[in-house]
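The values are calculated or read from the model by the stated rules, or taken from the named source; none is laboratory data. A quick note: this is a predicted structure, and the numbers were derived from the prediction, not measured. Positions of Cβ are backbone-derived with ideal geometry, glycine not excepted, and every protein chain shown enters the neighbour counts.
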Amino acid sequence: MNSQESRSGAQTTQGNWRERLYNPYTVMWLVVLMYTIKVATKLSAGYLTNSPVFISDGYHNLSDILQAFAVMVVVYMARRPPNTDYPLGKSNIEFFSSLVIGLSLLVLGAQFALQSLVGLLYYLPQADQAVRAYITFLPDHKPLLTDASSYPWLIGIMAGSGLLSWLVSRYQITVGRSTGHTSLVADGEETASDGRIELIAMLGVVGQFLFGAPWLEYPLALLVATLVIHTGKELFMQAFRALLQHSLPQEVEEEIMAITMDVAGVSDLLTLKTFQVGQVAVCLLTLRTKLGAEKVGFVRLGVEQRLTDYLKEAGYISSEIHLKFKGEAVRRYRIAYAIAQSNTGMVVAPDLQTASHLAICDVEDGHITRARMEVKPAQPEPFLHEKLVDRLFVFSAGQQAPALKQLIAVKPGEKAIEIVQSTVLMPDLLGL
Amino acid sequence: MNPKQTKLIIGVDYFRNIDRVPNLAFARALMQYLDVELIHVRATAPGADMTHLAEEQATRIRQDVSRLTQVPEDCVVIVPDFPPGALIIDNFPDRNRQNLIWLAPMDERGLTTRHRGSANDASIMVPFGNGNSCLKALQLAAPIARGSGAALLFYHTTWKIPGLASVKADDHMCREAIAIRKALEEEATAQSLPFRTLIETADDVADGIVQAAVLQRSRLIVMPRSQTVEVGDYCLRVFDKSPVPVITIGKEVTS
């Protein structure tokens, strides 16, 4: 094996390691392992010290193991390739698990907040009594039943558990974001919340151990409960929005609009619809352009490429950009020029009386697209009305000019035809 | 072909086509960037029997152009035709007039109406091959880039050399193109103009140029017409395909 082959072999091995490290199943198996250790240690310590905090947390972690398996199933389904029935794949299933995890965090946060309030009230007996008089269903406070010899063990278990949760949650979130698995990110957030709760529980034990003041735990616990509820709400709302195909966030849509209008050839952005399928951003745009098909191909490329780049930067694993082009809305109307014959050719006549011809011009957005030269009829006014002309241009010089803005007489109900000064005398400058 | 040295003439046809307002907007911007004071407007003068009205028509055209461009009326010059070397803004150039420079605005309303963010993200593209004429295109592109606050983008697409495995497009460039690249980059450096160079192996040269212009946020493509190609001039093909405004420099201007 020469050095080049050996280098390429090393690169492949490195690539395999990275692939394994970023494999969602590797992460989730690690999560299962972590929770198994936690369940074993917390339940053992809980039953040995008769600690309801440790026992309930141990059972909570047991449910986390089941949740980890559920996430694996969801990831498996989300990774299935798209087919004709599900052209965008089934990655939205991840939002179902995010929804459930978000909801469970909301419940967990509320439960934790309630326990903390009960804990605080326990140290204020009068207030406790008063509150319980009104809220009869308040749970009883379960203090930690430990002795001096068990404190170091309990502190060690909770500190180790909290640290593990923090490390594993970071790993889950990183892999979830890089592979586009929302459920992994959500589960990572849940693991992080567990870690925070464990650290607070540890502070309670430390408080009791060092100062004989276990109440120290509860104000902090209320703070953590708020964080947990906030995380739960975010996960829930994100999943809810994605499942109901809510638009992408406003700032993302604004950037999409700005980027689109930045591409040469786009006259206007008529409609924009966006939503999310899994971590795929979907954008449906209707654009206005004046350009022909060959040029529009490059406009399409520019919009697609630049939006794809932006959405990737914005954190979406991929994007689907669908563009529809519409031609320019044209404002059409009709004008006329009074034309007279001079010795050297046609010119714009100074007035209707001296005109020998009338050039009836179809105008689109200020541009004469069609002009027809008609011999001036004996009665030009009705003729101009019949042709739906709304302005007649003449070229009269000098003193006559300001006084010219007169109207051709019209019958009641007819729109007046305005006589206005032409800028040019020579009809060829009008394309005539 | 330094615009300042040769007193470049910037012109538009009056009422010639649909794009009167954008044409005048581009003319106004170029006057500013190229330090040109006058705008030349081509308009047919009346015949001998109407000479008394000729001045009236000229006055009205001057007033109209002045109103649309904010250029003083006495800086609007009415001409019967454009002299060789003039830069004309028009979406429908006369392709046979090789002694003029044509700027087609396409559907753009001005040189700086798009492109948000950092000005240097936007670019003025000078595609180059293995001929010297692109150096003359740079002489025109440089003040426009400086004036509009855009970077210069030198673009080259090359055919792959058979048997050469390198995936780097630069490695497939011919010697002449490498020399031209060096000259362009040296000139931009000498003028303290920000620039970037993009070398590709596009399947089609014209498509490659237009695609790069769109993706690299070019405000303008400045290209000379080929001195030798009679059919399929890349410059005209780019003109036909590009949504980005294009300046084509007639071959008699660069020869």
(message) Consider the range A:281-338. How many of its residues are of a type in the set (S, T, N, Q) and at pLDDT below 90?
(response) 1
(message) Is it the case, given these coordinates, that residue A:263 is more than 29 Å from the chain's Cα centre (by Cα) and surrounded by 23 or more Cβ atoms within 10 Å (Cβ to Cβ)?
(response) no
(message) I'm trying to understand the selection: among the residues of the range A:347-395, which are over 15 Å from residue A:419 (Cα atoms) and either of a type in the set (Gly, Ala, Ser) or in a loop (DSSP other than H, G, I, E, B) (or both)?
(response) A:356, A:365, A:366, A:371, A:376, A:377, A:378, A:379, A:387
(message) Just to be sure I understand, how many residues within the range B:151-166 are in contact with a His (Cβ under 8 Å, 6 or more places away or on another chain) and small (Gly, Ala, Ser)?
(response) 1
(message) Looking at the range B:44-77 only, could you name the residues that are among the β-branched types (Val, Ile, Thr), surrounded by 13 or more Cβ atoms within 10 Å (Cβ to Cβ) and more than 24 Å from residue B:110 (Cβ to Cβ)?
(response) B:44, B:59
(message) Suppose the filter is in contact with a Cys (Cβ under 8 Å, 6 or more places away or on another chain) and over 14 Å from residue B:246 (Cα atoms); does residue B:37 pass it?
(response) yes
(request) Tell me which residues, restricted to the range A:87-112, are at pLDDT below 85, closer than 30 Å to residue A:207 by Cα and aliphatic (A, V, I, L, M). (result) A:105, A:108
(message) Quick test for you: out of A:43, A:66, pick the one residue that is loosely packed, with under 15 Cβ neighbours inside 10 Å and over 22 Å from residue A:226 (Cα atoms).
(response) A:66
(message) Checking the structure you have, find out if any residue of the range B:55-69 is free of Cβ contacts under 8 Å to residues at least 12 places away in the same chain, more than 12 Å from residue B:39 (Cβ to Cβ) and either more than 14 Å from chain A (Cβ to nearest Cβ) or in contact with a strand residue (DSSP E or B) (Cβ under 6 Å, 6 or more places away or on another chain) (or both).
(response) no
(request) Please find, among A:32, A:71, the residue that is touching a residue at least 24 places away in the same chain (Cβ under 8 Å) and either farther than 25 Å from residue A:198 by Cα or surrounded by 21 or more Cβ atoms within 10 Å (Cβ to Cβ) (or both). (result) A:71
(request) Scan the range B:33-54 residue by residue and report those that are touching a helix residue (DSSP H, G or I) at 6+ places or on another chain (Cβ under 8 Å), within 14 Å of chain A (Cβ to nearest Cβ) and closer than 13 Å to residue B:89 by Cβ. (result) B:41
(message) Given the criterion out of contact with any His (no Cβ under 7 Å at 6 or more places or on another chain), free of Cβ contacts under 8 Å to residues at least 40 places away in the same chain and part of a helix (DSSP H, G or I), identify the matching residue among A:121, A:103.
(response) A:121
(request) Identify all residues within the range A:339-371 that are more than 14 Å from chain B (Cβ to nearest Cβ) and at pLDDT 90 or above; write none if there are none. (result) A:355, A:356, A:357, A:358, A:360
(request) Go through the range A:278-328 and give me each residue that's assigned to a loop (DSSP other than H, G, I, E, B) and away from chain B (no Cβ under 14 Å). (result) A:278, A:279, A:314, A:315, A:316, A:317
(request) Please specify each residue of the range A:358-373 satisfying the condition of being small (Gly, Ala, Ser) and on the phi > 0 side of the Ramachandran plot. (result) A:366
(request) Count, please, the residues in the range A:87-130 that happen to be acidic (Asp, Glu) and within 29 Å of residue A:213 (Cβ to Cβ). (result) 1
(message) What's the total number of residues in the range A:313-334 that are closer than 24 Å to residue B:244 by Cβ and not small (Gly, Ala, Ser)?
(response) 9
(message) Looking only at the range A:373-383, how many residues end up being exposed (fewer than 12 other Cβ atoms within 10 Å of the Cβ) and under 20 Å from residue A:430 (Cβ atoms)?
(response) 1
(message) Quick check on the range A:415-432: of everything there that is in contact with a strand residue (DSSP E or B) (Cβ under 6 Å, 6 or more places away or on another chain) and at pLDDT below 75, which residue is nearest to the other protein chains (Cβ to nearest Cβ)?
(response) A:431
(request) Output the residues belonging to the range B:17-43 that are modelled with pLDDT under 85 and surrounded by fewer than 21 Cβ atoms within 10 Å (Cβ to Cβ). (result) B:17, B:18, B:20, B:21, B:22
